1. Compare 120, 102, 58 in a GNM of the chain, Cα atoms joined below 10 Å, and give the one with the largest fluctuation.
2. So what is the 222 nm mean residue ellipticity for the chain from helices alone, if each DSSP H run of at least 4 adds -39500 (n - 2.57) and you divide by all residues, rounding to the nearest 500 deg cm²/dmol?
3. Among 314, 353, what is the fewest-to-most ranking by other Cβ atoms within 10 Å?
4. Within the P(r) computed for segment 186-244, what percentage of the Cα pairs occupies the region above 20 Å?
5. Residue separation times 0.36 nm, minus the C-alpha to C-alpha distance between residue 405 and residue 77: what's the value?
6. Find the relative contact order for segment 59-362 and round it to a whole percent, using C-alpha pairs within less than 8 Å whose residues are 6+ positions apart.
7. How much of the DSSP bridge set in segment 120-268 is antiparallel, in percent, rounded to the nearest 5?
8. Once you order the gyration tensor axes a ≥ b ≥ c over the Cα atoms, which shape class does segment 249-371 get: rounded for a/c under 1.5, otherwise prolate or oblate by comparing a/b with b/c?
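Each value in this text was obtained by applying a stated rule to the coordinates, not by laboratory testing. If you're wondering where the values come from, they're calculated on a predicted model, not measured in any experiment. Using ideal geometry, Cβ is built from the backbone for each residue, glycine included, and neighbour counts are taken over all protein chains shown.
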Ligand SMILES: [Zn+2]
């Protein structure tokens, strides 16, 4: 298939992007073939006239858990039990995998043309990645982790993460996970807001340093990067000192931590979306206890401060939603981009650049996607208004293109009660 996309205002994904007009984006099969003046001869191409709409690279969501919808529950679900049930027989396993495939498709229809998973059920992430890659189902490009590694009583232990009881086991689990050829390894180094037992102590260190070291060492030997769930300064130190490549979420950093980031060439994946409901919602809405709200605020502030300090110190910062957490749906990556602009004080252009070109680089895809350049994948989204003026423009898309495949007027089914609550924070 050959398409010539004309009359669009191009936001190319680069740091200093400004809308560019008078150009045609030529797409041949899966790739952007060229970007040329739009008064050429395109008789070989099927013409797509954008009539002045905005076109930019597809969004990249760096922190996704495919097995949950984000629908909030009044009571915390027993994840272990739930995962045990849904993996107990082949029929339920197939239904669960199909559900995850549906969520991946929702991400795509909301403008996410690439997503990175950081903890899933069994080997579903790699299965779904491959099914999409082989055009068996429609979905975004997936960078897959499969199950994570945690410790007894640790974050997602036994549900989306294996339980390692010593450093040797941590290393063994890396080997076991690597057999399904994932793209990264995920560790759960600290607890999360819901795991906290003490007011003022969210993100308590759970995984001992020698486990982290052994897991990172094995992963690196196998050519895999390591991402780690970390929500306290102590956790960040242990993670970075022992070889973790990306800190997911983050915590209030000091000089030592910032130096560790630089020394090890590590980066941060900011996730503002999951912290907002706990920290800022009315407790009646979030169903959080007073302690969860208090700890949620510490985590939220820590994530914001970590992102700001990393940006100031030229440490790469990417963005993800932590989809699957309460109130975090598979169609709200645009909100994370919006929050990054609002709470971390970056320009709309920089927020969009982060969700596209920067995220592509941090996912190891800088030569493949993340910007509008010839040779890159034709991963593009189109919206009516200028997102540089208001990022809410990304909320309604006119078109999503993934690997040259065009989806006109993409529609996702939204949970309206969640929309109403989240909109209060725009
Ligand atoms: Zn997560």
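1. Of the options given, 102 has the highest mean-square fluctuation.
2. On the way: 14 runs with 145 residues, N = 426.
About -10000 deg cm²/dmol.
3. Values: 314 9, 353 25.
Result, fewest neighbours first: 314, 353.
4. Details: 398 of 1711 pairs.
Within segment 186-244, distances greater than 20 Å cover 23 percent of Cα pairs.
5. Values: separation 328, 0.36 × 328 = 118.08 nm, distance 3.77 nm.
Using 0.36 nm per residue and subtracting the Cα-Cα distance, I get 114.3 nm.
6. On the way: 683 pairs, mean separation 59.9, N = 304.
Here the relative contact order equals 20 percent.
7. On the way: 1 of 18 bridges.
Bridges in segment 120-268 are about 5 percent antiparallel.
8. Judged from the Cα gyration tensor, segment 249-371 comes out oblate (a/c at least 1.5, b/c at or above a/b).
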